[in-house]
Amino acid sequence: MTKSAADLAAAVRDGRRTIRDVAEETLGAIEHREGEVHAFLHLDPAEVRARADALDAGARAGAERGPLFGVPVALKDNLTTRDAPTTCGSRILEGYRAPYDAFVVERLREAGALLVGKTNLDEFAMGSSTERSAYGPTRNPLDATRVPGGSSGGSAAAVAALFVPLSLGSDTGGSIRQPAAFCGIVGMKPTYGRVSRRGLVAFASSLDQIGVFARNVRDAARLLEAIAGPDPSDATCLAEPPEPYERLLPANPLDALRGLRVGLPVETFPETLDARMGKAVRNAGAVFEKNGARLVEVRLPLTRYGIPTYCLIAFCEASANLARYDGVRYGPRGEGGTVDEMMSATRGALFGPEVKRRILLGTFALSEGYAEAYYGQAQRVRTRIRREYADAFERCDVLLTPATPGLPFPLGARSDPVSMYLEDLFTVGPSLAGLPALSLPCAQEAGSKLRAACQLIAPLRHDARLLAAAAGIEAALGPNLPAY
């Protein structure tokens, strides 16, 4: 599936391709490489073909064709779907089928998308490598010996492996931007509240946000426009309608760079940063400047507190959210003579080690005598981080940082949790502040398919500005990325 989402939608709309033909191409690509990549947890070829035939029949009957009509889209398996299991990569939800579609799934159906399957993820979206899935790891399509990033590694891999042109993921502290960076594609986390979280299985409710994967910025804008918008059933969702993100992109993408003030935060280029990554991102800054942008040095001194602040807030909220998995209402049930024994058996056997670790740490931090010292203090630091970003945006229009501290690491190379948490060093800040942020490739390793990625960050509600800047630098870099 090498065509862009925009080209595919145009071919289907003009009658040059049927959706059944698109479905067969998609399923063929998946059959060819899925055994190596393991991007999907649930895929029913017969159901995909039936959906394609239904869409073709609707087109022949004159049904309205949405912006994604006939375009294959994969879904991260923490988005509820009434016609497929939702496991969150966990044994504790094995076989669970939700009675309703997530808001974004409803929107995709309305837009005419061809829903293809549910993708692999770190259990309950807790991880940075998609090695923590109860159903086995996903491999990076660019180099099968390496991880695809996480927690949305399956969604990123499905796009990078050319299975589908678009997919959805969720981002709590970097779970879209980091796997997009590792897999060499575009990944965007919108402003918190820009996309409804109804039907997204909760990890950390004040941080979780649904976002998009694509192979180019224009496709990402099209997908975001399709899923964004107010939802009266989600109290955290923004009330105003979304902007027409794709149509707001300049006809000449380079126009968005002229006069743009691009902030380079000093703290996002530490000594520990992989030298290749630092070179790639600074070169991207030079490309911005060459095309009419102005580079501005800014300071974000609280960057070094981002990981501990994020971990405290996320783990505490995970402890509260995952208390509902007790063997009574969802999934399999453990054996026990009493209710307490049954719950203990269920959670002990069916939660994975990383999920248990975060629940235990979060429960401790919320326990009597500690909640104010840990969770309360983390929330105060979060407020200061938000203010720090707001101050930085007084001097610039977007921020440019590395997306990750280094390149994709080999499968099995990271055994200690702290090194895994540090993978989100540059992505947790925008998550804590609720800002829109996007990662895209900016350099390529000579003689290899591996890519380095930069992250762009925009002020709250300025998702359209972020996409325009990203489209501009994507055009300026061109298809043949410079070597790092």
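A few notes on this one:
- Subset of segment 329-371 that is in a helix (DSSP H, G or I) and of a type in the set (S, T, Y) - its residue that is farthest from P85 (Cα to Cα): T363
- Flag set for R91, criterion: in contact with a helix residue (DSSP H, G or I) (Cβ under 7 Å, 6 or more places away or on another chain), basic (K, R) and modelled with pLDDT of 95 or more.
- Restricting segment 59-96 to residues that are small (G, A, S) and touching a residue at least 12 places away in the same chain (Cβ under 8 Å), the residue that is nearest to G136 (Cα to Cα) is G89.
- Filtered by the rule that a residue be touching a Lys or Arg at 6+ places or on another chain (Cβ under 6 Å) and β-branched (V, I, T), segment 390-441 gives a lone residue, T427.
Results for (1) under 23 Å from the mean Cα position of the chain (by Cα); (2) closer than 22 Å to L432 by Cα; (3) touching a residue at least 24 places away in the same chain (Cβ under 8 Å), shown as yes or no for each residue.
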site	(1), (2), (3)
P244	yes, no, no
P250	no, no, yes
G292	no, no, yes
V296	no, no, yes
P301	no, yes, yes
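- Given (1) closer than 26 Å to T87 by Cα; (2) surrounded by fewer than 19 Cβ atoms within 10 Å (Cβ to Cβ), index of the condition A390 fails: (1)
- Within segment 414-424, the set of residues being outside any helix (DSSP H, G or I) and at pLDDT 95 or above is empty.
- Taken together, the residues in segment 132-153 that are more than 13 Å from K449 (Cβ to Cβ) and not in a loop (DSSP other than H, G, I, E, B) amount to 1.
- Odd one out for L350 among (1) more than 23 Å from the chain's Cα centre (by Cα); (2) closer than 28 Å to D416 by Cα; (3) surrounded by fewer than 14 Cβ atoms within 10 Å (Cβ to Cβ): (3)
- Any hit, segment 270-282, residues being on the phi > 0 side of the Ramachandran plot and over 23 Å from the mean Cα position of the chain (by Cα): no
Let's see how each residue does on (1) free of Cβ contacts under 8 Å to residues at least 60 places away in the same chain; (2) among the acidic types (D, E); (3) buried (at least 24 other Cβ atoms within 10 Å of the Cβ):
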{"position": "D101", "(1), (2), (3)": "no, yes, no"}
{"position": "V104", "(1), (2), (3)": "no, no, yes"}
{"position": "A111", "(1), (2), (3)": "no, no, no"}
{"position": "G117", "(1), (2), (3)": "no, no, yes"}
{"position": "A134", "(1), (2), (3)": "no, no, no"}
{"position": "N140", "(1), (2), (3)": "no, no, yes"}
{"position": "G150", "(1), (2), (3)": "yes, no, yes"}
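- Candidate set: segment 285-294, residues that are part of a helix (DSSP H, G or I) and in contact with a Leu (Cβ under 7 Å, 6 or more places away or on another chain); chosen: the one surrounded by the fewest Cβ atoms within 10 Å (Cβ to Cβ): E289
The values are calculated or read from the model by the stated rules, or taken from the named source; none is laboratory data. As the structure is a computational prediction, the values presented were derived from the model and not from experiment. Glycine gets a Cβ as well: all are built from the backbone with ideal geometry, and neighbour counts include every protein chain shown.
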